[in-house]
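Everything on this sheet refers to the single structure shown next.
The values are calculated or read from the model by the stated rules, or taken from the named source; none is laboratory data. Everything quoted here is computed from the prediction, not taken from an experiment. These area figures cover heavy atoms from the full protein model, side chains too; ligands, DNA and RNA do not enter into them. Shrake-Rupley method; radii C 1.70, N 1.55, O 1.52, S 1.80 Å.
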Amino acid sequence: MTDPNTSTSPQDAQAEARNALTLGFTTIKIKVAGGTIERDVELVRSVRQVVGPDVLLRLDANQGWTVPQAIKAINRVAQYGVEYVEQPVSATDIMGLREVRVSTPIPIAADEALGSTEDLNRLIDAEAVDVLVIKAG
């Protein structure tokens with residue numbers, strides 16, 4: 001939904017969420033980790049306020065946080081009913097993913113970290129993620 005490389009305001013995120021609802025979407029992905037953790041929390045809070053409790057919210061950090069930042073941010077947004085957080089830390093940091101997973105209440109998803117069956121095995125063996133994002137292509 002929102003692009004972390006732009007300065008999406010909470011008001012813009014709310015407008016996008018309203019539009020998504022009118023189009024019938026029941027799940028919204030919010031791009032985070034493009035600014036401060038406070039900005040991310042405000043984006044998630046403002047979108048949840050608009051969509052209500054029944055719409056699923058997913059966050060995609062695009063590898064944008066360090067492990068400590070991810071833990072802090074995810075714990076702060078947990079109150080807003082996030083379904084999962086996609087790729088919070090570097091795709092190459094499998095143990096960092098695991099640390100985030102065991103330190104936060106929201107399921108963690110791998111996207112960029114999943115490029116091969118070897119990657120899949122490493123993620124599973126490390127118990128690093130709860131969700132696998134598989135893209136057809």
Original post:
Can you give the helix-only mean residue ellipticity at 222 nm for the chain, where every DSSP H stretch with n ≥ 4 adds -39500 (n - 2.57) and the sum goes over all residues, rounded to the nearest 500 deg cm²/dmol?
Top reply: -13000 deg cm²/dmol
Original post:
Taking all protein chains as present, what is the carbon and sulfur share of the accessible area of the chain, in % to the nearest whole number, probe 1.4 Å?
Top reply: 51 percent
Subject >> Residue-normalised accessible area of the chain, expressed per residue, 1.4 Å probe, Å² >> reply: 50 Å²
Original post:
Taking the Cα atoms only, what angle lies between the long axis of helix 37-51 and the longest principal axis of the chain, rounded to 10 degrees?
Top reply: 60 degrees
